[in-house]
1. If I take R0 = 22 Å and measure r between the Cβ atoms of His43 and Arg89 in this structure, what FRET efficiency does the formula 1/(1 + (r/R0)^6) give, to the nearest 0.05?
2. Given H placed 1.01 Å from N in the peptide plane, which residues other than close sequence neighbours of Asp47 have an amide H under 5 Å from its amide H?
3. Out of all DSSP beta bridges in the chain, what portion is antiparallel? Express it as a percent rounded to 5.
4. Taking 0.36 nm per intervening residue step and subtracting the Cα-Cα distance, what contour gain separates Arg62 from Asp144 on full extension?
5. How high is the relative contact order of the chain? Use alpha-carbon pairs under 8 Å, at least six apart in sequence, and give a whole percent.
6. Fewest to most neighbouring Cβ within 10 Å: what's the order for Arg80, Arg152?
7. Using a 10 angstrom cutoff on alpha carbons, build the Gaussian network for the chain and name the most mobile of Ile105, Ile48, Ile153.
8. First measure r as the distance between the Cβ atoms of Lys74 and Met157, then evaluate 1/(1 + (r/R0)^6) with R0 = 25 Å and state the FRET efficiency to the nearest 0.05.
Amino acid sequence: MMNPPHVHGHRFDQVERLRSPERVAHLEVERVADQVLDNSSAHSLLDIGTGTGLFAEEFYKRGLTVTGIDVNPKMLEAARHYLPKAVLRQATAEEIPFPDHSFDIIFMGLVLHETDDLLKSLQEARRVASQRVAVLEWPYRVEDFGPGLEERIPPEMMASLSKQAGFVELETFPLEKLVLYVMQVGNNTKTI
């Protein structure tokens, strides 16, 4: 099955807006971090599309070694303010500049729908993960907050992409305003 065509909007570059109190409240940062780390022995995490480092900062507070990548240098500059000790590099989700299995967990917070190639992004995330990949996205429904429906990823598409990317398990966690997908990396002997 080919990667379905996907339409995405502009890449976010409004630093202040990403950390607005209204937006942060919608993101449920602590709850997301709890779920991402649940039943995990993780020590390292790569935050793809780290933006201002909002989620990376939460994972760092929980004792993980955090690395972040983003395509936008303005975002990396903002993230350095909040995470001065983190490794932050300019890169895309489709071409992650780290070796295989470099991180225990890969986190993509509201960024997968913005990538140019959804499947390639998930394949790259799986390649550099040793335990799991967590993808926080907008639910597939029309809402006043977040992008339009044409930019949201239907759950059936996430399931198909997860399988195509080689994950052995996909769990879906509906949140108040968002949805969290947690995909387990394995030996490819099981299927979803």
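1. Values: r = 19 Å, r/R0 = 0.88.
With R0 = 22 Å, the Cβ-Cβ based efficiency is 0.70.
2. Thr67, Gly68, Ile69, Phe107
3. Details: 13 of 32 bridges.
Bridges in the chain that DSSP calls antiparallel: roughly 40 percent.
4. Working: separation 82, 0.36 × 82 = 29.52 nm, distance 3.21 nm.
That works out to 26.3 nm of additional length.
5. Details: 371 pairs, mean separation 36.3, N = 192.
Answer for the chain is 19 percent.
6. On the way: Arg80 15, Arg152 19.
Fewest-to-most Cβ neighbours within 10 Å comes out as Arg80, Arg152.
7. Evaluated over the chain, the most mobile residue of the options is Ile153.
8. Working: r = 30 Å, r/R0 = 1.20.
It comes to 0.25.
Coordinate-derived values only; no laboratory data. All values reported here derive from a predicted model rather than from experimental measurement. Every residue, glycine among them, receives a Cβ derived from its backbone with ideal geometry; neighbour counts consider all protein chains shown.
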